[in-house]
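Encoded as structure tokens, the structure appears first; notes follow it.
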């Protein structure tokens, strides 16, 4: 008895013939408006918030501290902002932050805390560090100090005579700083270097996170304040990271364009580049509109979006190239429309699969995972749109403008 096999289910039935190219003017208008809105929102943010995007400390420098509060009542961001402002700390940004950690029974539980961002990179600003170094040399003239320098929250001292832990601790306390215990390093600090006869030591103080923790513990009576995570980037490093991120995006675009020229020909490359620029600007616009954190993770997501968009565009262009040789009796515009319809099912299915994964990451993820997923959510949507409604029409325009005879347009 012969068995019959059910055919595969298709997302779209055979013979589907949506008119894409015939409505190019509409799609281009929508894209232009979306890009204009994205760029316009950058200026609005600059005027109202002082920055075009919600840069994280990755790009603008500073320190990010995650605090956990345990007590009889929850602690609000307003209370934290008021407590730190009352303690003399300026430029503070406070926002909600959640993470997963092991509960009493070993299962993962969600913990709600607060994230504090400050423009300060260390507990000792540069001008204070210089003043502290001068005061240190003046106080210990008898130690034949050769050099004193600060790096972050560490003071390095090179001298002919050693110091005791109590002496250094008392000095730091006199300038309002709290020294970290020396521990095993105490023996090294008291050991003279062979050959030079000098003592080299690095005395560290508790960083800005400790200062904030003490200020909050003092202001929030009955609440245990603990530091979960500290992350800091110097202002120069932040500027360098931002420049490197821009370079990475630029180089990716150039290399993709060269690949497309080699893979197809010159008429296709501009369409793919316009499409990926379109996607990048709209994703950035989404971050501007929602004021979502823009971090190094976001740059990674943008590069991923660009790669995904180009991949989808290459599939469509490959089908167009095949049909150009197969459907020689049809005009190029008609061939593009046929090719878009033939690849539409594949485009929607692959995009939907990726979108479902990233939307789950957005819903259930936290922190950087959610940041990456949000960029991918927007990127998948605009990537599908640009592959169909931007890249293909640009390829048609280039073909008609420079490659086709008037009768074959």
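The values are calculated or read from the model by the stated rules, or taken from the named source; none is laboratory data. What you see is a predicted model, and the numbers here were worked out from it, not measured in a lab. Don't worry about glycine lacking a Cβ; one is built from the backbone with ideal geometry, like all the others, and counts go over all protein chains shown.
Quick rundown of the values:
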item	result
Verdict on residue 85 being part of a helix (DSSP H, G or I) and loosely packed, with under 10 Cβ neighbours inside 10 Å	no
Residue among 284, 289, 315 that is part of a helix (DSSP H, G or I), surrounded by fewer than 17 Cβ atoms within 10 Å (Cβ to Cβ) and modelled with pLDDT of 90 or more	289
Test: residue 386 is within 25 Å of the chain's Cα centre (by Cα), over 30 Å from residue 114 (Cβ atoms), in contact (Cβ under 8 Å) with a residue 40 or more places away in the chain and surrounded by 15 or more Cβ atoms within 10 Å (Cβ to Cβ)	yes
Filtered residue count, the stretch 51-73, keeping only those that are over 19 Å from the mean Cα position of the chain (by Cα) and either within 24 Å of residue 231 (Cβ to Cβ) or not in a loop (DSSP other than H, G, I, E, B) (or both)	4
Residue count for the stretch 117-161, restricted to those that are in a strand (DSSP E or B), buried (at least 17 other Cβ atoms within 10 Å of the Cβ) and at pLDDT 90 or above	5
So residue 172, is it part of a loop (DSSP other than H, G, I, E, B), crowded, with 16+ Cβ neighbours inside 10 Å and modelled with pLDDT of 90 or more	no
Of all residues making up the stretch 180-223, the number that are in a strand (DSSP E or B) and either at pLDDT 90 or above or farther than 30 Å from residue 81 by Cβ (or both)	5
Members of the stretch 145-189 that are touching a strand residue (DSSP E or B) at 6+ places or on another chain (Cβ under 6 Å) and farther than 13 Å from residue 205 by Cα	145, 146, 147, 148, 149, 157, 158, 159, 162, 189
Meets criteria (in the same structural domain as residue 396 (by TED's automatic domain parsing), buried (at least 18 other Cβ atoms within 10 Å of the Cβ) and part of a helix (DSSP H, G or I)) for residue 259	no
Test result for residue 72, in contact (Cβ under 8 Å) with a residue 60 or more places away in the chain and either crowded, with 18+ Cβ neighbours inside 10 Å or touching a strand residue (DSSP E or B) at 6+ places or on another chain (Cβ under 6 Å) (or both)	no
